[in-house]
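Novice: Dumping the structure here so I can ask a few things about it.
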Amino acid sequence: MARIDGLMEEIAVVFEDKTSSISAVYFLKRHFYLFGGALGFVAGLLLRDFVVFLVVGGVASMVVYAYAENYLLKIDHKFFSSPGRSRREIFDRYYAGEIGRRLALRMTEPEQLVENERLTVEQTQALFQRKLSVELDQEFKRSDWHIFVAECLHYQK
């Protein structure tokens, strides 16, 4: 759990007092249809027209979603462009250890131990490093970096 606390601290250092507003915009993005629908409902109720409700609700939903998406992408860009916080550096700092532990556990499975028995210690270590390098690259490419900061703030509370 300490690795996530470190990531949360890094996010807090970069954004200082903005973390609550980032969380609020992420909430807005996740529930854009409710905000647009509420605005459309009020407009439709005031003008007593169902078509106004649909049009205003749809347009307001799209505007809210576009604004929130744009804001969160700017936040991610600011975080990942700050010194020492590229995507790869963040991945290696906080997630690579977990992937290494998973690989180490897989290498201690019985069939893998039988395979490794024929190898020397140095060869086993070299095999582990090669597998780790390949798995780290695959996991990095597979990771979702879209609105990373907001999702970290939301899911790691």
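Novice: Given the -39500 (n - 2.57) contribution per DSSP H run of 4+ residues, what per-residue ellipticity at 222 nm results for the chain, rounded to the nearest 500 deg cm²/dmol?
Specialist: Taken over the chain, the calculation gives -27500 deg cm²/dmol.
Novice: Once phi is turned into θ = phi - 60°, what whole-Hz ³J(HN,Hα) does the Karplus curve with 6.51, -1.76 and 1.60 give for every residue of region 90-104, x standing for Gly and Pro?
Specialist: The phi angles translate into 5, 4, 5, 5, 10, 10, 5, x, 5, 5, x, 5, 4, 5, 4 Hz.
Novice: In nm, what is the difference between 0.36 nm times the number of residues separating ILE4 and GLN138 and their Cα-Cα distance?
Specialist: 46.1 nm
Novice: Highest mean first, what order results for 106-115, 93-102, 54-63 on Cβ atoms within 10 Å?
Specialist: Highest to lowest by the protection proxy: 54-63, 93-102, 106-115.
Readers should treat all values here as calculations from the given coordinates under stated rules, not as data from a laboratory. Everything numeric here is computed off the predicted structure, so don't read it as measured data. Positions of Cβ are backbone-derived with ideal geometry, glycine not excepted, and every protein chain shown enters the neighbour counts.
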